[in-house]
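Each remark here refers to the structure printed beneath this line.
The values are calculated or read from the model by the stated rules, or taken from the named source; none is laboratory data. All values derive from a computational prediction rather than experimental measurement. All Cβ positions, glycine included, derive from the backbone under ideal geometry; neighbour counts span all protein chains shown. Heavy atoms of the whole protein, side chains included, go into the accessibility calculation; ligands, DNA and RNA do not. Shrake-Rupley method; radii C 1.70, N 1.55, O 1.52, S 1.80 Å.
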Amino acid sequence: MKLKLVIPIVALLTLRTAAETPAQSSETPADKKIDAIFSSVTFPDAPGLAVLVRRNGRAIFERGYGVGELRTKTEIDAHANFRLASFTKQFTAMAIMLLVHDGKLRYDKTLPEIFPDFPAYGKSITIRNLLNHTSGLPDYEDLMESAEKTKGPIWTPEKQIQDAEVLELLKKEKNGKFAPGKNWSYSNSGFVVLGLIVAKASGITYGEFLRGRIFAPLKMNRTIVSQKGKNEAVNRAFGHSKENGAFKETDQSATSATLGDGGIYSNLEDLARWDDALRNHTLLSEREFQPALTPVKLADGSEPRWPVESNDDNLHPGKPVAYGFGWFLDPYQGRRRMWHTGTTMGFRTVIERFTEGDGLTVIILCNRTDLEPEKLALQVADIFLSPKN
């Protein structure tokens, strides 16, 4: 009897070992290298990040690290929605390009042609200038600060500035930062205005246009343009910052409600579909999309540079910059790429798309501000860009 009892137990142990072996052996050397990068900067019970690596149009690494919020300790996975911040700009640019495709906009259309009451300094600012950051529009956060110095507190995380208010602040100015096309300066103001232009040209809201023309066709079913009181991202991660060695939820600011410059929430699953659409030219033909991948030149034909002064939006002070429509285009290790970061209250994001060879894409979404996803993404890229790989 004892012998008969031992045999089933041994058989069960053997089956269990056999079932575990494939899962263990399926982790490649590259997987281990990628995991080591992120395991070294995160903890399981702290805010973290979601990582997607794609090659040849398929996911080769997809993993969540940490939790989406400290209250429930819900683990981050491929469905967790993060605020994309300036990662949003590529979607705003695509929306404008779709409207150009529809014949409802021209790249050389000026601000007064769209908003007749826009002041004289905008008379030669075109949609193209807005798309490639050569408009010279004043920074709306600077205008907010100036207004509050005069009138006292106006905007808070509970009473956030809206797109229409940004436009009104810009209309009160008499001068831009520089003449359109004469210089380059990263402009959130420009992309807020582009979001308003999407709404005006299409006759529906910015969010409705993106849902109908981008998200729904690509089956990006959990991606939204977030608007308080109108919709809510499901399974969303909340933003955090580290203060005095501990994490604090810092999810919203006075500028968290603007749309075209940073208002989208999305996740790894949906962004894989976005990556496919870019790879396969699903929304626009390769020819129609080419302007997005053409680095801007200044009016005198020179190459633009990042401003010398350092700030949150100035990633590489004083260095040359290549920017198309909603995409940075600087090469890395001699490889062509299109990329963009996102930085806002509690969140850091990045997408790196290498457009040569096997089409490597790295996407990192963080719900904490103490990590540098751009650097982490390039560490991942180094694993694959090495001649040995």
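May I ask what percent, to the nearest 5, of DSSP beta bridges between residues of the chain are antiparallel?
Rounded to the nearest five, the antiparallel share is 95 percent.
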Across bins of 5 angstrom width beginning at 0, how are the C-alpha pair distances of region 190-287 distributed, in whole percent? 3, 11, 17, 21, 20, 14, 7, 4, 2, 1, 0
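Using the heavy atoms of the protein chains alone and a 1.4 angstrom probe, what is the accessible area of region 250-376 per residue in square angstrom? Before the final figure, lay out the partial values.
Details: 4890 Å² over 127 residues.
Here the per-residue accessible area is 38 Å².
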Please name whichever of 247, 132, 354 sits farthest to the positive end of the charge dipole of the chain, dipole taken about the Cα centre and charges placed at Cβ: Lys and Arg +1, Asp and Glu -1. 354
Work out the P(r) tail for the chain: percent of alpha carbon pairs separated by more than 42 Å, whole number. 15 percent
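If you take the beta carbon distance between residue 102 and residue 32 as r and set R0 to 45 Å, what does 1/(1 + (r/R0)^6) give as a FRET efficiency, to the nearest 0.05? Can you show the working numbers first?
On the way: r = 48 Å, r/R0 = 1.06.
Working from the Cβ atoms, E equals 0.40.
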Output ³J(HN,Hα) for region 238-252: one whole-Hz value per residue in order, computed from phi by the Karplus curve 6.51 cos²θ - 1.76 cosθ + 1.60 with θ = phi - 60°, and x for Gly and Pro. 9, x, 9, 10, 9, 10, 6, x, 10, 7, 10, 5, 10, 9, 9
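Helix-derived [θ] at 222 nm for the chain: sum -39500 (n - 2.57) over DSSP H runs of at least 4, divide by residue count, nearest 500? If you can, show how the numbers build up before the last one.
On the way: 12 runs with 128 residues, N = 389.
The per-residue figure over the chain is -10000 deg cm²/dmol.
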Return a whole-number percent for the relative contact order of region 203-348, with Cα pairs under 8 Å and 6 or more residues apart as the contact set. 21 percent
Tail beyond 15 Å, pair distance distribution of region 144-193 (Cα, percent): 57 percent
No solvent, one uniform scatterer per C-alpha: report log10 I(q)/I(0) for region 322-389 via the Debye equation at q = 0.11, 0.15, 0.23 1/Å, two decimals. -0.26, -0.48, -0.99
Provide the solvent-accessible area of residue 144, counting protein heavy atoms only and rolling a 1.4 Å probe, rounded to the nearest 10 Å². 10 Å²
Cα axis of helix 140-151 to longest principal axis of the chain: angle in degrees, 0 to 90, nearest 10? 60 degrees
Convex hull projection area averaged over all views, region 22-156, Cα basis, nm²: 14.4 nm²
The answer for region 35-140, accessible area per residue at 1.4 Å probe in Å², is 36 Å²
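Considering only protein heavy atoms and a probe of 1.4 Å, how much of the accessible area of region 329-389 is carbon and sulfur, as a whole percent?
On the way: 1050 of 2260 Å².
Looking at region 329-389 in its full context, I get 47 percent from C and S.
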Ignoring ligands, DNA and RNA, what percent of the 1.4 Å accessible area of region 254-296 is carbon and sulfur? 46 percent
Could you rank the peptides 98-109, 339-350, 174-185 by their average count of other C-beta atoms within 10 Å per residue, with the highest value first? 339-350, 174-185, 98-109
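On a full-extension model of 0.36 nm per residue, what is the gain between residue 276 and residue 379, subtracting their alpha-carbon distance, rounded to one decimal in nm?
Working: separation 103, 0.36 × 103 = 37.08 nm, distance 2.27 nm.
Gain in length upon complete extension: 34.8 nm.
Write down the accessible area per residue of region 145-233 in Å², having rolled a 1.4 Å probe over the full set of protein chains.
Numbers: 4660 Å² over 89 residues.
With all protein chains present, region 145-233 gives 52 Å² per residue.
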